[in-house]
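Values quoted throughout were computed directly from the atomic coordinates according to the rules given, and no laboratory measurement underlies them. Note that the structure is a prediction, hence the values are computed from the model and not measured. Note: ideal-geometry Cβ built from the backbone for every residue, glycine included; neighbour counts use all protein chains shown.
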């Protein structure tokens, strides 16, 4: 009881203590809750710091790159947007005054820039005819020029020296004195004396020129007279020579003409003689020939008469001989056709037997032997016919060994049953994806179990859209096999694609063998009916 | 792949896929078994009989057999599959 009480009291006090504690906590928590919690935005701060330090890093790196070339290479190669930063850095460094002191920098106006550009492009225009340079005549004009130039310009003048080659001694001396004057003018500084000197020089030069002109004209007159005299003399000489030559020429011509006439007359005489003789000989030949011809005609007429007499008696005999020969020929032909007819009949029987074996539906154990025997028989019978088509068809028939090995060709029912065995394989392979792996095969096997089986022939519509999926092909092949149209069935099956076609290979082989044999035998049959 | 080719020549064409399945399944069983054995060995000897190496080994075996089966069906010729 005491323990129970103490326990009760303990629990009660504990409960009260805990209540007090809770109250304290509640009051203590309120002031904390009254102050609102401050928002810290850590993500925003992070983004800001990132942007700021990245910008500082780029700016520092461009500054270093502009100074150090090796660092610039590394910077441009490995850091994105480095080139743009470098471009910006170079722009700022080149246009420092513009950016930082805009008021002190005198910006160029557009007109100044235009003028500067135009000034750089000063060109000289060349006329269409091309640039020409005219040669300045240094001989006479230069001598007169300094006269004018000294009066207008009292500055220093340099006259070029006179160069004139001539045999006349007077002219040479004058040239020398002129050159002396010119050199003295050039060396002297005074201009007034120069003028007087130049005047005197010009006077002497004009005198000289006049004298020269006189001389030249007199010389010319002399020369002309001389030339005329000489030409008259020569003309006289030529005339004399001409007369002499013509005389000689006419004499020679006459002599030659006489000779030619003589020769020509002789030749003419000889020709006449020869032709006369030839004509005589020809006439003789003609006469002889006609004589012979008449003799031959006479002989022929006589022989003919004799023959006719003889033939009349023997005519009947030869007619009889020819008739007998014709009869012989007919008889040989008849016997040949009779033989071929009987041969044809035997071949026909053999062909029919083969067809019967092919068409029969009971698989017998010795089908192969029967078939090979019949085919050998057929080969023997058709050999003497020598028909090209039949020979080629017979040569393409399957050989004995192959027939015996495989037990002949399958019957229709055998083919159908093999097809039935093939069907589930085809169906399980019909839903394969291209380049299928393990999963593809598993899924194809599983989902093909849910396929609906199709049957019957497709409905004929205007558009020739027949399905090429495996189920439609299976349905059509079943239809054809039931109707015994093996060739259409083979065509359909050979149109399959992928795995289905690979699986149907063996069946196709067998059915093709049968079709080939059937076709060859049919060919032989029709050829016989056509040619017999 | 040489063993696969020999089989397809002697057998009829209708059982091409079945022959491949035979190889794939037998290869799978063998590889999984080998993986299981290797896993048990590793677990007993090295890993204080814990169970995870066994699962690892079985997983390896199944994976290998799946991959080889894939290459067999695709006739990729990359692997010479021997049990």
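Ordering B:29, A:332, A:354 from the fewest to the most neighbouring beta carbons within 10 Å gives A:332, B:29, A:354. Note on residue A:255 and residue A:274: their simple-model spin labels are 3.1 nm apart, each label 7 Å out from Cα toward Cβ. Shielding by partners for peptide A:428-441, expressed as the average number of C-beta atoms from other protein chains within 10 Å of each residue's C-beta, is 4.
Between residue A:91 and residue A:41, the C-beta separation translates, for a Förster distance of 30 Å, into a calculated FRET efficiency of about 0.25.
Given 0.36 nm per residue, what is the gain on full extension from residue A:501 to residue A:116 after removing their alpha carbon distance, in nm? Provide the component values of the computation, followed by the final result.
Working: separation 385, 0.36 × 385 = 138.60 nm, distance 8.59 nm.
130.0 nm is the gain from fully extending residue A:501 to residue A:116.
Sorted fewest first by neighbouring Cβ atoms within 10 angstrom, A:519, A:181, A:100 come out as A:100, A:519, A:181.
The packing ranking, built from the mean of other Cβ atoms within 10 Å per residue, places the peptides A:246-252, A:79-85 in the order A:79-85, A:246-252, highest first.
Based on the mean of other Cβ atoms within 10 Å per residue, sort peptides B:64-71, A:214-221, B:20-27 so the most packed one is first. Intermediate results must be reported in sequence, preceding the final value.
Values: B:64-71: 19.1, A:214-221: 9.9, B:20-27: 16.6.
Ranked from most to least packed, the peptides come out as B:64-71, B:20-27, A:214-221.
Per-residue Cβ counts within 10 Å, from other chains only, averaged over B:17-23: what number is that? Provide the component values of the computation, followed by the final result.
Values: counts 10, 3, 0, 2, 4, 0, 0.
What the average comes to for B:17-23 is 3.
Under 1.5 on a/c is rounded, so check that first for the range B:14-75, then, if it is not, pick prolate when a/b is larger than b/c and oblate when it is not; a ≥ b ≥ c are the square roots of the alpha carbon gyration tensor eigenvalues. Because a/c hits 1.5 or more and a/b exceeds b/c, the range B:14-75 counts as prolate. For the peptide A:291-302, the mean number of other protein chain Cβ atoms found within 10 angstrom of a residue's Cβ is 0.
Distance between the 7 Å Cα→Cβ label points at residue A:460 and residue A:53: 8.7 nm.
Peptide packing for A:312-324, A:66-78 was compared via the average number of neighbouring C-beta atoms within 10 Å per residue; ordered from the highest value, the list is A:66-78, A:312-324.
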